[in-house]
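Shown next, in structure tokens, is the structure this report addresses.
The values are calculated or read from the model by the stated rules, or taken from the named source; none is laboratory data. Since we're looking at a predicted model, the values are computed, not measured. Cβ sites come from the backbone with ideal geometry, for glycine too, and all protein chains shown count toward neighbours.
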Amino acid sequence: MKGDSTPFQGAVHVGIDVGGTFTDLVAYDEGTRTTVFLKVHTTPTDPSEGVFEAFQQLKASHARGAVKRLVHATTIATNTLLQKRGAKTCLLTTRGFEDVLEIRRHNRPQMYNLFQEISPPLVPRRLRLGIAERIDARGDVLSPLDKSGLLEAIERMEEEGIESVAISFLHSYRNPLHEEEAREEILAHIPQAFVSCSHDVWPEFREYERTSTTVLNAYIRPSVDTYLERMGKRLSQEGVGSFSVMKSNGGLSSYDNARRFPVHLLESGPAAGMVSAAWLGKGLGIKNMIALDVGGTTAKAGIVTRGAPKVTTEFHADSVSHGTPVGGYPIRSPVIDLVEIGAGGGSVGWIDEAGILKVGPRSAGAVPGPACYGTGGNEPTFTDANLVLGYLDPENFHGGRTKLYRELAEKAIYDKVARFFGWSLEKAASAMVRIGRANLMEMVRLVSIQKGLDPRDFSLLAYGGAGPLHASTIAKDLNIRRTIVPPLAGVFSALGLLVAGVKHDLVRTRPYLTDEISPSEGPKAFADLKGQMTDLLKREGSSWSRVSMFRSVDMRYLGQVFELTVPIDGELGDPEEVRLLERKFEEKYKAAFHYSLPGSRVEIVNFRLTATIGDAVPGPDNLLKRISASTEERGEGVRRVFHGSRNEYIEVPVFRNGGVRAGGQIPGPALIDTADTTIFILEDQKGLVDERGCLVIESK
């Protein structure tokens, strides 16, 4: 716990982020204007137990009264998918399209691997049922829904004991009539069933992606619904005023909305970290950052440009998994663009069939955890290697709340790595650290260089329990001039939950050529979206006076198959607006591909509407100053650290917690132990603590 146990005096805001190894909590008190945090071990069998353990510790120490709101980043949706623990699901689709999940896009994850096993469909062929019906691309009914065939399908569902149903009819994004009729009939016969319709989940064209998104929503919905319902009831009993959930797009949703559309929660935790990064960047006046988040199980990297995280409209879930099929499941949903790999503190060091040392992607997780935790783990991990080399203090890990056992780490590394190669203990641990860092560096390259961005044009923001320990080395190797470690780096994603606002995205497919669109079409499309948005926001209890609306359209040259999203200020009700939109599209196209096609006809494909409601806590100047001011002074010391290139131990100065105040400089090499992370500064670098408590690391 950060700070003393003085009770909070005002409205309390709580953010809880469930990670693969730790569950992090950050709380802000409006009365005392102080921020506290704590970490507990994640409980994999039931993540809510770890959540409530953290919550009860908070209430016992500080928030003895009611909590105004609690915001949650959950892994329940991701874990349900990765562990294939979803509901027994049936897909109801247009007859003749039962195999769209199987046919996919014919993309090959590995071009020359003839034996690559692709992730299997979440619904087996016998439960993909075709119904005679047809609506055309304009929304006109060509053939009515076959009610007798639907009743036969429902009878089949009852016989199979179906828990959840996905309905995805052809062109329902233009006319949802048949999907609505089918849902009504299914619920009349199987009222306990969870029914997900594609026109509700994501009403956009492209049959495979829309069906995949709807099926995934149906597959994980019962598990997520049960989890969130249980959480909501218990929090209500605890006196929590409101309960919100972080979505993949970096916005919050009421838990009621989240229960209906769990597919939008798959990147909940990583999105919170990126929101926190953008929030801090605005406070620091830094527009371009590479955010590096290294936790206990995974590592994530993302880009913040012009003060906002980069957002994409499609991603693949379960696309990379050690020892399992690849290919993943495409999801059409706005999500903060991230690269995520299995490289965290708990990543296991292992030797493959060719005798090559690897680190990750498999993780020791929260159970049994790294060997040094003394909780039953016997495999060497990234954390064990860092402990053996002296980077971690076994008596001061997590501010002294967690004791590390060096002898257990040494035994695991010797038994599983050093003895195999005939290496010394230090050489084996050093090799594991170098490989782990190389994995992290490659991830940063993927999110920057591979996407045409020069990392030298960015600052590196490092957070997560393990990120600040390795960030200075990664920055040096990539020639990134400035590395920033924020206050509360080890619980930074949980902090992002407190600064995020409600955000919902809606889309409607309406193809129009820009030289043919009438003045009424654009306003009508956006009016329809606004009506749908009103229903969503009513569930949030939101007032329209607090809502900001952002409009955009997806555009492409006629004949092309991919689009660019172009923001707009109006509703395209005026011909001059359309001409201006064409020019903006050509500029964006040229910026993306370095050429344009002047004179070619341009097509609007999708209309998009995003609604946001601002955050409810103070900005970085206030909040982070209070964090910095609450740190506890600790004396300095030294620690013996193994220097890999010299192949010897060196003594490195150690600064603990608030040992250096704002304006102070720390010459490298140096280690900084805080209550939530460890920071390493290289010998040719220096650290400066700014007025917000951020540590800025630069070359000397």
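Worth a mention:
- Residues of the stretch 393-433 satisfying the condition of being closer than 21 Å to LEU671 by Cα and among the hydrophobic types (A, V, I, L, M, F, W, C): PHE397, LEU404, ALA409, ALA429, ALA431, MET432, VAL433
- Leading residue by the ranking (surrounded by the most Cβ atoms within 10 Å (Cβ to Cβ)) among those in the stretch 376-425 that are β-branched (Val, Ile, Thr) and touching a residue at least 40 places away in the same chain (Cβ under 8 Å): THR383
- Residue that is nearest to the chain's Cα centre (by Cα) [pool: residues in the stretch 557-576 that are in contact (Cβ under 8 Å) with a residue 40 or more places away in the chain and more than 23 Å from THR313 (Cβ to Cβ)]: GLY573
- Residue check for ARG234: assigned to a helix (DSSP H, G or I) and outside the structural domain of VAL123 (by TED's automatic domain parsing): yes
- No other residue among GLY355, GLY422, GLY365, GLY376 is closer than 28 Å to PHE492 by Cα and of a type in the set (Gly, Ala, Ser) apart from GLY365.
- Taken together, the criteria exclude GLU102 from residues that are farther than 30 Å from THR375 by Cα and in contact with a Gly (Cβ under 9 Å, 6 or more places away or on another chain).
- Residue identified as surrounded by 13 or more Cβ atoms within 10 Å (Cβ to Cβ), touching a strand residue (DSSP E or B) at 6+ places or on another chain (Cβ under 9 Å) and within 22 Å of LEU81 (Cα to Cα) among LEU145, LEU150, LEU127: LEU127
- Close contacts from the stretch 116-142, counting a first residue that is of a type in the set (Asp, Glu) and a second that is at pLDDT 95 or above and surrounded by fewer than 17 Cβ atoms within 10 Å (Cβ to Cβ), with Cβ to Cβ under 7 Å and a gap of 6+ residues or different chains, come to GLU133/SER143; GLU133/PRO144; GLU133/ASP146; ASP136/LEU142.
- The selection criterion, being closer than 30 Å to ASP256 by Cα, surrounded by fewer than 16 Cβ atoms within 10 Å (Cβ to Cβ) and either assigned by TED's automatic domain parsing to the domain that holds ASN257 or not aromatic (Phe, Trp, Tyr) (or both), holds for ARG539.
- Selection count where residues are surrounded by 13 or more Cβ atoms within 10 Å (Cβ to Cβ), among the hydrophobic types (A, V, I, L, M, F, W, C) and outside any helix (DSSP H, G or I), scope the stretch 559-614: 12
- Looking at GLY269, GLY302, GLY273, just one residue is within 16 Å of the chain's Cα centre (by Cα), closer than 29 Å to LYS233 by Cβ and at pLDDT 90 or above, and that residue is GLY273.
The rows are residues; the columns are (1) in the same structural domain as SER254 (by TED's automatic domain parsing); (2) more than 30 Å from ASN249 (Cβ to Cβ); (3) modelled with pLDDT under 90; (4) assigned to a strand (DSSP E or B).
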| site | (1), (2), (3), (4) |
| --- | --- |
| PRO618 | no, no, yes, no |
| LEU624 | no, no, yes, no |
| ILE627 | no, no, yes, no |
| ARG646 | no, yes, yes, no |
| GLU651 | no, yes, no, yes |
| LEU671 | no, yes, no, yes |
| GLU698 | no, yes, no, yes |
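- Among the residues listed as SER119, SER148, the single one being hydroxyl-bearing (Ser, Thr, Tyr), more than 28 Å from the chain's Cα centre (by Cα) and either within 30 Å of HIS189 (Cα to Cα) or assigned by TED's automatic domain parsing to the domain that holds ILE190 (or both): SER148
- Filtered by the rule that a residue be among the aliphatic types (A, V, I, L, M) and modelled with pLDDT of 95 or more, the stretch 582-613 gives VAL602, ILE604, VAL605, LEU609.
- Members of the stretch 66-106 that are under 30 Å from LEU145 (Cα atoms) and outside any loop (DSSP other than H, G, I, E, B): THR89, CYS90, LEU91, LEU92, THR93, THR94, VAL100, LEU101, GLU102, ILE103
- Criterion applied to ALA73, ALA66, ALA60 was being small (Gly, Ala, Ser) and over 26 Å from SER254 (Cβ atoms), and the one residue passing it is ALA60.
- HIS178 meets all of the listed conditions (1) out of contact with any Phe, Trp or Tyr (no Cβ under 6 Å at 6 or more places or on another chain); (2) of a type outside the set (Ser, Thr, Tyr); (3) outside any loop (DSSP other than H, G, I, E, B); (4) under 20 Å from VAL215 (Cα atoms) but one, namely (1).
- ALA132 being touching a Lys or Arg at 6+ places or on another chain (Cβ under 6 Å) and surrounded by fewer than 20 Cβ atoms within 10 Å (Cβ to Cβ): yes
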